[in-house]
Amino acid sequence: MSERQHFQLGTMGALSLSVVSSVSIVICNKALISTLGFNFATTLTSWHLLVTFCSLHVALWMKFFEHKPFDRRAVVGFGILNGISIGLLNLSLGFNSVGFYQMTKLAIIPCTVLLETLFFNKRFSRSIQLSLVVLLLGVGTATLTDLQLNVLGSVLSFLAVVTTCIAQIMTNTIQKKFKVTSTQLLYQSCPYQATTLLISGPFLDMLLTNHNVFAFKYTPQVLVRILVLVFFGNSINLFSSFFFFGEFILHPNSLLALQVFIVLSCLISVSVNFSTFLVIGKTSPVTYQVLGHLKTCLVLAFGYFLLHDPFSWRNILGILVALVGMVLYSYYCTLENQQKVIEASAHSLQVSQCC
């Protein structure tokens with residue numbers, strides 16, 4: 001297998017892992033927030049990052065990857081900025097209508113294109129721009145509802161978009177500049193992201209929900225029981241496993257169900273965080289955002305089929321238009337990459353002939 005084929009296979013694997021893990025965690029978190037009433041999204045994200053860091057530390061101890069220290073200021077700044085962008089996105093959702101929040105997410109792609117064009121001299125062809133317009137039109141049709149505006153919410157949304165774009169561009173540029181892998185960057189930045197959200201999370205969640213995250217009762221015995229099932233489930237009798245999961249499925253408001261979904265959410269987040277850095281490192285921030293809108297369409301579809309969420313012909317039309325935009329984007333990106341390979345080969349051939 002050639003190096004180029006190996007890279008393409010790795011990219012496809014990263015994209016697939018990102019889609020599967022992200023859709024899974026959204027469905028899990030939706031059950032956690034909507035059904036079980038655990039509305040502390042920022043604090044939950046800090047737990048996600050802590051579990052991710054612990055998992056990577058174990059992987060480092062088992063020599064699955066090599067620790068590669070680099071510019072500490074870049075790591076600290078990057079980690080804190082990532083944490084701030086997550087907090088601002090949650091605040092944007094809390095102080096805006098759902099429709100305006102979806103508009104905020106749609107604005108990330110054009111903002112990323114603008115920043116990369118202005119500061120990194122990156123050029124996006126007319127075909128790529130057209131495919132992105134089709135994609136955003138479809139996702140907007142499928143997801144946008146009300147667009148209620150307010151000054152504070154608009155400012156928070158603007159800051160959320162800018163910080164998210166910068167953080168995702170930095171994810172790509174840091175990996176290339178310092179020649180580190182996505183795993184190495186995630187391992188070093190995770191503590192700073194987690195610390196930022198651990199400190200700010202309870203206050204932000206209190207501001208948004210008027211509830212204290214520490215008011216919940218977390219029974220250690222139940223958590224141990226859940227972890228045993230998660231890590232050693234294959235050795236547990238099948239009937240016992242069905243009985244165990246049936247216990248919280250039949251009683252969705254129980255404390256047991258709450259703890260199961262919190263642990264499950266944290267475990268899935270390891271794949272989400274890893275695949276995010278992997279995809280941005282192997283492709284680009286814009287491609288990652290395009291992939292994110294594919295996840296949105298899949299979440300809408302899964303919500304309809306699995307959770308019986310309301311669905312309309314407008315949702316279906318929007319998803320179909322968005323899929324057309326994604327296919328066009330993938331097609332034009334592939335064409336441009338092939339053209340770059342041909343030009344590079346021709347250039348290397350000319351150089352060898354001159355020599």
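Structure notes:
- Residue within the range 114-128 that is surrounded by fewer than 22 Cβ atoms within 10 Å (Cβ to Cβ), in contact (Cβ under 8 Å) with a residue 12 or more places away in the chain and touching a His at 6+ places or on another chain (Cβ under 9 Å) present: no
- For first residues located in the range 162-185 and aliphatic (A, V, I, L, M), partners that are open to solvent by 40 Å² or more (accessible area, probe 1.4 Å) and assigned to a loop (DSSP other than H, G, I, E, B) and lie 6+ apart or on another chain with Cβ distances below 6 Å form the pairs VAL180/LYS68.
- Residue list for the range 180-195, filter: open to solvent by 30 Å² or more (accessible area, probe 1.4 Å) and polar (S, T, N, Q): THR181, THR195
- Those residues of the range 264-291 which are open to solvent by 20 Å² or more (accessible area, probe 1.4 Å), closer than 19 Å to GLY83 by Cβ and within 10 Å of the chain's Cα centre (by Cα), in sequence order: VAL272, ASN273, PHE274, THR276, TYR288
- Annotation note: Cβ proximity below 7 Å between a residue of the range 71-98 that is open to solvent by 20 Å² or more (accessible area, probe 1.4 Å) and a residue that is of a type in the set (A, V, I, L, M) and not in a helix (DSSP H, G or I) (sequence gap 6+ or interchain) occurs for no pair.
- Among residues of the range 318-337 that are more than 9 Å from LEU135 (Cα to Cα) and free of Cβ contacts under 8 Å to residues at least 12 places away in the same chain, none has a Cβ under 6 angstrom from a residue that is exposed (fewer than 14 other Cβ atoms within 10 Å of the Cβ) and of a type in the set (Phe, Trp, Tyr) at a sequence gap of 6+ or on a separate chain.
- Top-ranked residue of the range 129-156 - restricted to ones that are surrounded by 19 or more Cβ atoms within 10 Å (Cβ to Cβ) and of a type in the set (Ser, Thr, Tyr), ranked as modelled with the lowest pLDDT: THR143
- Residue within the range 157-164 that is more than 26 Å from GLN339 (Cα to Cα) and open to solvent by 70 Å² or more (accessible area, probe 1.4 Å) present: yes
- Yes/no for ILE174 being more than 28 Å from GLN188 (Cβ to Cβ) and in contact with an Asp or Glu (Cβ under 9 Å, 6 or more places away or on another chain): no
Okay, residues lined up against (1) farther than 20 Å from THR287 by Cβ; (2) part of a loop (DSSP other than H, G, I, E, B); (3) at pLDDT below 85; (4) of a type in the set (Val, Ile, Thr):
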site	(1), (2), (3), (4)
LEU50	yes, no, no, no
SER55	yes, no, no, no
VAL58	yes, no, no, yes
ALA74	yes, no, no, no
ASN82	no, no, no, no
GLU116	no, no, no, no
PHE119	no, no, no, no
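- As for the range 307-324, it holds at least one residue that is of a type in the set (D, E, K, R), in a loop (DSSP other than H, G, I, E, B), surrounded by fewer than 21 Cβ atoms within 10 Å (Cβ to Cβ) and at pLDDT below 80.
The values are calculated or read from the model by the stated rules, or taken from the named source; none is laboratory data. For clarity, every value in this text was computed on a predicted model and none was experimentally measured. With ideal geometry, Cβ positions are generated from the backbone for all residues, glycine too; neighbour counts draw on all protein chains shown. Surface areas here come from the heavy atoms of the whole protein model, side chains and all, with no ligands, DNA or RNA. Shrake-Rupley method; radii C 1.70, N 1.55, O 1.52, S 1.80 Å.
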